Amino acid sequence: MAIQSAIPVSFETYFPQGAYVVGEVEQVMKWSDDGKQQGQDLDKNTGHPMWRVRVFDADPAAKRGQGEVMVKIASISEPQLPPALNGLPFRPVIFEGLAVMPYTPDTPGRSRVAYSLRAREMKAAPKPRGSE
């Protein structure tokens, strides 16, 4: 039987060089089959509203097109962004409860498995030693 649920993965395993949030926290919207917006999507397990953030993988070896991902977070209230780094739009971040969600996209003529990332919580990354 194929995996039907999220696959837990540690932050350090998925983002060994760290990660940075860019932009704002956004609501994940729910859409009807006929393309009409139906409000904010809810997590199927917790019933909490779904949010998402754009994340850059700090790994310089990331392949072209794979350095940016979206991470979804189920939370009753809007997750707060960590502080910006030296006034830049990059915000060092860690995700707790990170999981990979495999799915098959509805793309005519193509059969492949894709995945999305979910997290239980977003936090500011700790400052490296000696960076103060």
Collect the residues in the range 16-35 that are free of Cβ contacts under 8 Å to residues at least 60 places away in the same chain and buried (at least 16 other Cβ atoms within 10 Å of the Cβ), keeping them in residue-number order.
-> 25, 28
For the range 55-69, does any single residue satisfy the condition of being loosely packed, with under 13 Cβ neighbours inside 10 Å, of a type outside the set (A, V, I, L, M), in contact (Cβ under 8 Å) with a residue 24 or more places away in the chain and in a loop (DSSP other than H, G, I, E, B)?
-> yes
Mind counting the residues in the range 71-103 that are part of a strand (DSSP E or B) and free of Cβ contacts under 8 Å to residues at least 60 places away in the same chain?
-> 5
Within the range 104-128, the residues that are hydrophobic (A, V, I, L, M, F, W, C), touching a residue at least 24 places away in the same chain (Cβ under 8 Å) and part of a loop (DSSP other than H, G, I, E, B) are 125
Condition set more than 16 Å from residue 13 (Cα to Cα) and polar (S, T, N, Q), scope the range 62-112, selection modelled with the lowest pLDDT: answer is 107
Looking only at the range 80-113, which residues are surrounded by 13 or more Cβ atoms within 10 Å (Cβ to Cβ), under 12 Å from the mean Cα position of the chain (by Cα) and not aliphatic (A, V, I, L, M)?
-> 95, 97
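The values are calculated or read from the model by the stated rules, or taken from the named source; none is laboratory data. The structure displayed is predicted, hence computed values, not measured ones. Glycine gets a Cβ as well: all are built from the backbone with ideal geometry, and neighbour counts include every protein chain shown.
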